[in-house]
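Trainee: Here it is, the structure, as structure tokens.
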Amino acid sequence: MYGAKDAARGVDGTFMWLMEEVGELAAALREGSHEELALEFADVLAWLATIANVAGVDLDAAVRKKYGNGCPGCGQFACVCDLSEKP
């Protein structure tokens, strides 16, 4: 949707926009309505996808490669890793 603007802004500038949206998501998680929360999740996802595009990363392929066979830790689709582990 914004390919030329995103490319001109570059990864660093786009990352700053993502960080702003993450801050807005944090605020919505604390005190926003369900609608505000949904909109902020959408913004964060859109900016994340934008950075991937600008960086030349196929986000869909990356997610499938890392999580397509389940949890990277235990290999299950419903993670059974110990709660103290990262996944």
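Trainee: Out of the residues in the stretch 43-79 that are part of a loop (DSSP other than H, G, I, E, B) and in contact with a Gly (Cβ under 9 Å, 6 or more places away or on another chain), state the one that is surrounded by the most Cβ atoms within 10 Å (Cβ to Cβ).
Mentor: Among those that are part of a loop (DSSP other than H, G, I, E, B) and in contact with a Gly (Cβ under 9 Å, 6 or more places away or on another chain), it is Cys79.
Trainee: Scan the stretch 25-42 and give yes if some residue there is in a loop (DSSP other than H, G, I, E, B) and surrounded by 14 or more Cβ atoms within 10 Å (Cβ to Cβ), otherwise no.
Mentor: Within the stretch 25-42, one or more residues are in a loop (DSSP other than H, G, I, E, B) and surrounded by 14 or more Cβ atoms within 10 Å (Cβ to Cβ).
Trainee: Also, I was wondering about something else. From the set of residues in the stretch 1-18 that are closer than 21 Å to Val63 by Cβ and open to solvent by less than 80 Å² (accessible area, probe 1.4 Å), which is modelled with the lowest pLDDT?
Mentor: Gly3
The values are calculated or read from the model by the stated rules, or taken from the named source; none is laboratory data. All values derive from a computational prediction rather than experimental measurement. Please note: Cβ atoms are built from the backbone with ideal geometry, for glycine as well, and neighbour counts cover all protein chains shown. Accessible surface areas use protein heavy atoms only, side chains included; no ligands, DNA or RNA. Shrake-Rupley method; radii C 1.70, N 1.55, O 1.52, S 1.80 Å.
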